[in-house]
Amino acid sequence: MCSSSECPVTSIPAFNLTEQYRRIGAELETATAKVLASGGYIGGQTVADFEAAFAAAMGVTEAVGCNSGTDALHLALRALDIGPGDEVITSPFTFFASAEAISLAGATPVLVDIEPQFFNLDYRQIEAAITPRTKAIIPVHLFGHPAAMSEIMAIARAHNLRVIEDCAQATGATWQGQPVGSFGDCGCFSFYPTKNLGACGDGGLVTTKNPEVADRLRSLRQHGMRVRYYHDEIGLNSRLDALQAVILSIKLRYLDEWNQQRQAIAQRYGEAIAAIPGLVAPSVHADAVHVWHQYTVRVQACGDRSRCVSHPCDRQGLCRDWLQQQLQAQGIGSMIYYPVPVHLQQAYSQLGYKTGDFPEAERAAQEVLSLPMFPELNEDDQARVITALKDLAIAAVQS
Ligand SMILES: *Cc1c(COP(=O)(O)O)cnc(C)c1O
């Protein structure tokens, strides 16, 4: 053992998958070896078993695996007959794919600002964005916090709109006790490795309670084909493979435990951050069970921007970026999800949005910082993150 002053300072990454592998690696290797030896790599019982287990866990009757979360959104839009000429409402403060999938389906994304407390689509602003072309709403359960599904479903019913939930960051989260992905016409999940339920590669899945939609999804993921080599429509090649499915079946058994570990970590962060000037801890809606895909604070140490210029922030007064650099210098990883809102992305310049259109999304993009968060983050490492934040926040205010 080294005494604290001589210990090599190990870094604390924003996320880490090797600890999880250390714990369940043997189980994964046994199961994947069986699939490798079986010779059945696409489709088959392994995939069907995972789909059934996932549907049961999410409180739905149908689950259709596919290649990625992006494809899940794209397939859901296609299966609900949404395409060219249609408008789909979503959030400007999300991972790009929420909007990109709308464009891939040939429809047009229409953005509605977020509410600042939970970073999710502001349901009070949805109705003003509805036009005769509007066909669907894609609420995003960002960072693992469910969107206000009761209100969003009521708006959708009143205007006869479809709802496709982007559950990529929220596997296991609930709203009023009901799992996300079971409210809308479809729920779209991503199994990207760092998501709450992650594969060892890409993967995704669509949930639905409608057997006809499920049938269409199964056809679309396989070249629009129901009977082999007879194609009903243009589809995609977007299947979940058997190796990923067997890995996901095993990991699904740990999902609740991992989400609980994330909740315990979030609880400790929350208590500590409440006492740190300039940092705003994320809040949880009374109707929500949050699964903390990210623990995302707002950095407002320079709420007084005039003061910010004179201390070690950059010229725009972005203390957040200074804080991130200082943490990095101490070996503490953090991430900015997301630095540029969807409406200001180069790829969407043709939509005609400009700076100022969605002030809360823009403010969030300037203020957010996601701290290390993964189930295996231990208390000592977390304490180090908290101490560093405290010291830096005090240093920033004093300089
Ligand atoms: C990860 C993610 C996606 C896309 O999932 P992939 O599996 O990476 O294609 C979509 N939406 C959100 C909000 C995400 O976080």
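The values are calculated or read from the model by the stated rules, or taken from the named source; none is laboratory data. Computed from a prediction, not measured in an experiment: that's the story for all the values here. Here Cβ is always computed from backbone atoms with ideal geometry, including for glycine, and neighbour counts include all displayed protein chains.
Residues in the stretch 73-99 that are part of a helix (DSSP H, G or I) and within 16 Å of the ligand (Cβ to nearest atom): L73, H74, L75, A76, L77, R78, A97, S98, A99. A single member of T90, T46, T30 is closer than 30 Å to L344 by Cα, among the polar types (S, T, N, Q) and outside the structural domain of V284 (by TED's automatic domain parsing), and it is T90. No other residue among I102, I42, I12 is away from the ligand (no atom under 16 Å from the Cβ), within 29 Å of V140 (Cβ to Cβ) and touching a strand residue (DSSP E or B) at 6+ places or on another chain (Cβ under 7 Å) apart from I12.
Annotation note: Cβ proximity below 9 Å between a residue of the stretch 128-149 that is over 17 Å from G172 (Cβ atoms) and in contact (Cβ under 8 Å) with a residue 60 or more places away in the chain and a residue that is more than 16 Å from the ligand (Cβ to nearest atom) and among the small types (G, A, S) (sequence gap 6+ or interchain) occurs for A148/A288. Test I164 against the criterion of being within 12 Å of the ligand (Cβ to nearest atom) and in contact (Cβ under 8 Å) with a residue 24 or more places away in the chain, and give yes or no. When the stated conditions are applied, I164 passes them. In the stretch 171-189, is there at least one residue being β-branched (V, I, T), touching a helix residue (DSSP H, G or I) at 6+ places or on another chain (Cβ under 8 Å), farther than 27 Å from E257 by Cβ and in contact (Cβ under 8 Å) with a residue 24 or more places away in the chain? Within the stretch 171-189, not a single residue is β-branched (V, I, T), touching a helix residue (DSSP H, G or I) at 6+ places or on another chain (Cβ under 8 Å), farther than 27 Å from E257 by Cβ and in contact (Cβ under 8 Å) with a residue 24 or more places away in the chain. Evaluation of Y229 against the conditions (1) under 15 Å from the mean Cα position of the chain (by Cα); (2) hydroxyl-bearing (S, T, Y); (3) on the phi > 0 side of the Ramachandran plot shows that the sole unmet condition is (1). When I155, I164 are checked against the criterion of being outside any loop (DSSP other than H, G, I, E, B) and within 25 Å of T296 (Cα to Cα), I164 stands alone in meeting it. If you go through the stretch 45-67 and keep only what is assigned to a strand (DSSP E or B) and either within 16 Å of the ligand (Cβ to nearest atom) or among the aromatic types (F, W, Y) (or both), you end up with A63, V64, G65, C66.
Close Cβ contacts (under 6 Å, 6 or more residues apart or on different chains) running from residues in the stretch 69-90 that are touching a residue at least 24 places away in the same chain (Cβ under 8 Å) and under 12 Å from L104 (Cα atoms) to residues that are away from the ligand (no atom under 12 Å from the Cβ) and assigned to a helix (DSSP H, G or I) comprise L75/L217; L75/L220; R78/L220. Of all residues in the stretch 188-240, those satisfying the criterion of being over 19 Å from V291 (Cβ atoms) and among the hydroxyl-bearing types (S, T, Y) are T208, S219, Y229, Y230, S238. Scanning the stretch 134-149 for residues that are within 13 Å of A76 (Cα to Cα), of a type in the set (V, I, T) and more than 10 Å from the ligand (Cβ to nearest atom) yields a total of 1. Annotation: E127 fulfils all but one of (1) away from the ligand (no atom under 11 Å from the Cβ); (2) within 23 Å of V246 (Cα to Cα); the unmet one is (2).
Looking across the stretch 336-360 at every residue that is polar (S, T, N, Q) and in a loop (DSSP other than H, G, I, E, B), the one that is nearest to G85 (Cα to Cα) is identified as Q345. T70: among the polar types (S, T, N, Q), more than 20 Å from D232 (Cβ to Cβ) and more than 16 Å from the ligand (Cβ to nearest atom), yes or no? Answer is no for this residue.
When residues in the stretch 292-338 are screened for being modelled with pLDDT of 85 or more, more than 16 Å from the ligand (Cβ to nearest atom) and either of a type in the set (S, T, N, Q) or under 15 Å from A364 (Cβ atoms) (or both), 11 of them pass. Of the residues making up the stretch 196-244, those that are away from the ligand (no atom under 14 Å from the Cβ), in a helix (DSSP H, G or I) and either within 30 Å of E376 (Cα to Cα) or in contact with a Phe, Trp or Tyr (Cβ under 6 Å, 6 or more places away or on another chain) (or both) are A242, L243.
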